[in-house]
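Here is the structure we will look at, set down as structure tokens.
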Amino acid sequence: MKIAIIGGGLAGLTAAAYLSDNLGTEGTVFERSPQLGGRAFTYQKSGFTLNYGAHAVYGIDRHTLQHMEQELKLQFQSKQVDKRKVMYAKHGNLTPAPLDFINIMKTNVLKPFEKVRFVAEIAAVIGNIHQLKHYQTLGEYLDHSHASADVKELWEHLVSSNFFITPEDARKVSGEVIAEYYHNLFLSHKPVNYILGSWATITDQLIHKIRENDKWDIALKEGVESISLENGKYLLNTKTRQALEFDHVIFAMPAQQVVKLLEDTSWSSFLDPYKNNSSTEVLVYDIGFSKVVARPFSYISDMDNKLFISDVSATDHTVAPETGQLLQGIAYLNDDCMEEDEKKQYLDGKVQKMEAMFDQYYPGWRDHVEVKRVSKKAMVSSVKNIRENKLLPNEIAQVPFLFCGDGCEGKGELAERAFSSGRKVANLLLKDQANIKSVVH
Ligand SMILES: Cc1cc2nc3c(=O)[nH]c(=O)nc-3n(C[C@H](O)[C@H](O)[C@H](O)COP(=O)(O)OP(=O)(O)OC[C@H]3O[C@@H](n4cnc5c(N)ncnc54)[C@H](O)[C@@H]3O)c2cc1C
């Protein structure tokens, strides 16, 4: 069974690691950029480890990485973000984010009677009896809820930070999806952890696994440009090679790019429902200091300005030199269409707000900057998990390919969906192969 995997991000590497662990398979991972990892690509600069995307893992004790640790024998350590240092800033005041009962008691985001209400809501989610799951969206639930404005705002804010979308978009997430997500997360003993050493700790081991099987190749700088079907085989064309023959093809790239790649083929119309999906885009401001400038929190979310800053090195000490500090600031971007000039002003405004937030909590930071990377348009989630979007299924009737990635159906959000869908499609192929073998015998 010869398999092509298009995309060398978390999803493609996961699928390839599972498949290459099986002696009956051979294949190639095609990656169009010069390096693997996709949006989880990690690199070193002046002693700092910079991730293109952050490496926070939500509910690691109930996460797909637990299966991968056992099944692929991955080795990694993680560290819990200090919950007492996870803060919200509202109207200029800093207060603990109500992540657990202790923080709920301490926070100023809610008044005492609202705290009782919110605890009851959490208990209902844990018990799987919360009404939210019966509503089409969080917004519809909140419109019918008798909770106070602060409790409603807290729901929007929680969903916004876990689903990595703006609070406005949080209102568009399906009630069922949210209820299931928080049922899992509230039962977790480890709500927010960082993988020590960043995503590279995982991707390096997946790559090593793939390379252990000499029937598997990794083709870098080799984007797939077109696909056709001839005599039961799939023929792939890249910039440098033509008509490479495979029995199966797995797409492990953002859903929008899948739609584009299959645009002029007979399969295109089956992808129509996924054509207009929107993604989450953010401005990312990574900054490394030569010393610990200040450490007032591990994470702070500015509820008024829709920005947040993670002190990544406060949890994962491996990503900064011993005496240094690494922060990642993120600002949500709205997806309104704008003229170039207007867009530039809008983005510059976000940078200024972010720097003002650094000024407020890290006074004097400008004198200690060692590394800085500002990315004005980073795609966090290729398909925003809101009701009007449709995640790409792992299999589509009448389309002979498999699909994985964070824009596909799978367990969890963000990187977890990339891992879980990568694992799922590999298992689907392996199951198929086992069935063929048992018919032949
Ligand atoms: C700023 C930021 C912060 C984030 N923080 C977190 C976090 O804290 N926790 C979390 O869980 N997730 C986080 N994420 C999300 C996480 O990084 C992504 O969900 C995950 O990396 C997606 O992996 P993927 O394999 O689905 O897609 P990708 O990483 O996009 O991989 C797809 C790959 O396919 C390649 N490709 C595309 N087209 C072709 C082609 N035609 N031929 C060959 N190759 C092709 C691309 O080059 C890419 O390498 C964050 C993301 C960002 C940007």
All but one of (1) at pLDDT 95 or above; (2) under 23 Å from the mean Cα position of the chain (by Cα) hold for Met303, so report the exception by its number.
(1)
Taking the conditions exactly as written (closer than 26 Å to Ala426 by Cα and in a helix (DSSP H, G or I)), does Met68 satisfy them or not?
yes
Output the qualifying pairs, or none if there are none: Cβ atoms under 7 angstrom, residues six or more apart or on different chains, first residue in region 228-242 and more than 14 Å from Lys2 (Cβ to Cβ), second residue assigned to a strand (DSSP E or B).
Ser228/Leu235; Asn237/Glu225; Asn237/Ser226; Thr238/Phe30; Thr238/Val224; Thr238/Glu225; Lys239/Glu225
Selection from region 373-388 of residues open to solvent by less than 20 Å² (accessible area, probe 1.4 Å) and either within 27 Å of Asn427 (Cβ to Cβ) or in a loop (DSSP other than H, G, I, E, B) (or both) yields Ser381, Ser382, Val383, Lys384, Ile386
Take region 391-407 and flag every residue that is within 18 Å of Thr64 (Cα to Cα) and within 11 Å of the ligand (Cβ to nearest atom).
Phe403, Cys404, Gly405, Asp406, Gly407
Among the numbered criteria (1) within 23 Å of Gly422 (Cβ to Cβ); (2) within 15 Å of the ligand (Cβ to nearest atom), which one does His248 miss?
(2)
Restricting the search to region 325-359, which residues are more than 16 Å from the ligand (Cβ to nearest atom), of a type in the set (S, T, N, Q) and modelled with pLDDT of 95 or more?
Gln325, Gln352
Can you tell me which condition Leu74 does not meet? The list is (1) of a type outside the set (D, E, K, R); (2) part of a loop (DSSP other than H, G, I, E, B); (3) farther than 30 Å from Val319 by Cβ, and all the others hold.
(3)
When the residues of region 194-226 are filtered to those that are polar (S, T, N, Q) and farther than 29 Å from Asn277 by Cβ, which remaining residue is nearest to the ligand (Cβ to nearest atom)?
Thr201
Residue check for His183: in contact with a helix residue (DSSP H, G or I) (Cβ under 6 Å, 6 or more places away or on another chain), open to solvent by 10 Å² or more (accessible area, probe 1.4 Å), in a helix (DSSP H, G or I) and within 27 Å of Glu121 (Cα to Cα)
yes
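The values are calculated or read from the model by the stated rules, or taken from the named source; none is laboratory data. Predicted, not measured: the structure shown is a model, and the values here were computed from it. So basically every Cβ, Gly included, is an ideal-geometry build from the backbone, and we count neighbours across all protein chains shown. For accessibility, only protein heavy atoms count, side chains too; no ligands or nucleic acids. Shrake-Rupley method; radii C 1.70, N 1.55, O 1.52, S 1.80 Å.
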